[in-house]
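Encoded as structure tokens, the structure appears first; notes follow it.
No value in this document is a laboratory result; all are computed from the given coordinates. It should be emphasised that the depicted structure is a prediction, and the values quoted were computed from it without experimental measurement. As a convention, Cβ positions derive from the backbone with ideal geometry for all residues, glycine included, and neighbour counts pool all protein chains shown.
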Amino acid sequence: MLRRHVLLSGLSGAGCLAAARAVGQDAPYPSQPVMLVAPFSAGGSADAAARLLAAHAPRHLPNKRATIVVENRPGASGAIGTNLVARAAPDGFTLLLARTASSAILPAIDPRTPYAWDEFTILGLLYETPFVVCVRADAPWNRLADLLGALREAPGRLTFATTGPATVLDLGVRQLFVSSGLPIDAGSALPFAGGAEAVGAVVSGQAHFVGSSLTDAIAALSARTVRALVVGDADRHALLPGVPTAKEADVASLSAITGWSAVFGPASLPPPVVEAWVNAVASLSSDRAWTEAVRRTGSVPRSSSPSATRDFLREQLALYGDLARRLGLL
């Protein structure tokens, strides 16, 4: 009887385990925590973007109690974390917070990049972050034309803060030079570890100006320690109503330089997972809590379908590939 009790208990336990697995399979997606890889360091704008998505996306997924865990995997300008997702199992439990540098610039200009830009299931664009050109608050240049004039008079004398070659901060400034008829080396680049550090270099006087994502510059702009001369967006920004747009400042092509965040997964994600995230991204666009949180960072909510996001990425790769050829990086 004891053996029979033990056997029946074992069968009962196995049955419960099987039932639990069946429930897990039948539960709405995601039935377990989703790892959202942010391919840059904790505390930066990419990390903040990932945590913003992790906080707001679950209520738009089939499982309203979903948990999204942000995993920072920095290194190699975002290539390490991005490649991790490219090689992950396509089960919907490892996703990527895709960013400009790692998902557009690197594939466009560096043949050593271990993944292709389209080697992912593209789930949608979340938002864009305008590019701003800033000088210290007490700088003598009140308009972009004033700064460009100084660069034209003495090429190479003024310095700009950057996060290194082949990054948005560097290529954005080079695009400004090109679109203004200046030589590609009209200013001297000073590299810093991150966007916030680059803005801080202008505040401290180490660099004369910086081209930055608005997210990284917003704190200094709010504190009035730096002044924006142009914002690379089609419309005046709500947080910078007095700052001219790129078109108004006669550098319309600068509006193509933009930071952005998107959601990618490994190739061949199951259709139900794709549908869940495409619907979630679309729903976020009308979620007031999400859109207000995004705007507070200086970004502009611009949710896009996978096909529209793919078209946008093609344009981004063409832009940065062309700039890289002008700079001799290709």
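You can think of it this way: the chain between Ala116 and Arg59 has 17.4 nm of extra reach, that is 0.36 nm per residue less the Cα-Cα gap. In a simple Cβ point-charge model (Lys, Arg +1; Asp, Glu -1; nothing else charged), region 130-256 has a dipole of about 160 debye relative to its Cα centre.
If R0 equals 45 Å, the separation of the Cβ atoms of Ala293 and Ser253 corresponds to a calculated FRET efficiency of about 0.90.
Charged side chains reduced to their Cβ positions (Lys and Arg at +1, Asp and Glu at -1) give the chain a dipole of some 780 debye around its Cα centre. Annotation: for a label point projected 7 angstrom from Cα along Cα→Cβ of Ser222, residues of region 111-142 with backbone N closer than 19 Å are 128-135, 137. The overall shape of region 130-256, judged from the alpha-carbon gyration tensor, is rounded, with an a/c ratio under 1.5. A Förster distance of 30 Å, applied to the separation of the beta-carbon atoms of Arg310 and Ser286, puts the FRET efficiency at 0.85. Only sites in a loop by DSSP and with at most 16 other Cβ atoms within 10 Å count here; which trypsin sites (Lys or Arg not before Pro) in region 215-251 make the cut? Qualifying residues, ordered by number: Arg224, Arg236, Lys247. Compared with the direct C-alpha span, the chain from Ile184 to Arg157 gains 8.4 nm at full extension, assuming 0.36 nm per residue. The calculated 222 nm mean residue ellipticity attributable to helices in the chain amounts to -13000 deg cm²/dmol, summing -39500 (n - 2.57) over DSSP H runs of n ≥ 4 and dividing by all residues. Classification of region 40-143 by its C-alpha gyration tensor yields an oblate form. The axis ratio a/c (a ≥ b ≥ c) is 1.5 or more, and b/c is at least a/b. Considering only Pro241, Pro301, Pro271, the Gaussian network model of the chain with Cα springs below 10 Å gives its largest mean-square fluctuation to Pro271. Of the trypsin sites (Lys or Arg not before Pro) found in region 92-140, those in coil by DSSP whose Cβ has at most 16 other Cβ atoms within 10 Å are Arg112. In terms of its alpha-carbon gyration tensor, region 252-327 comes out oblate; a/c meets the 1.5 threshold, while b/c is at least as large as a/b. Entry note, the chain: relative contact order of 24 percent, from Cα contacts under 8 Å with a spacing of 6+ residues.
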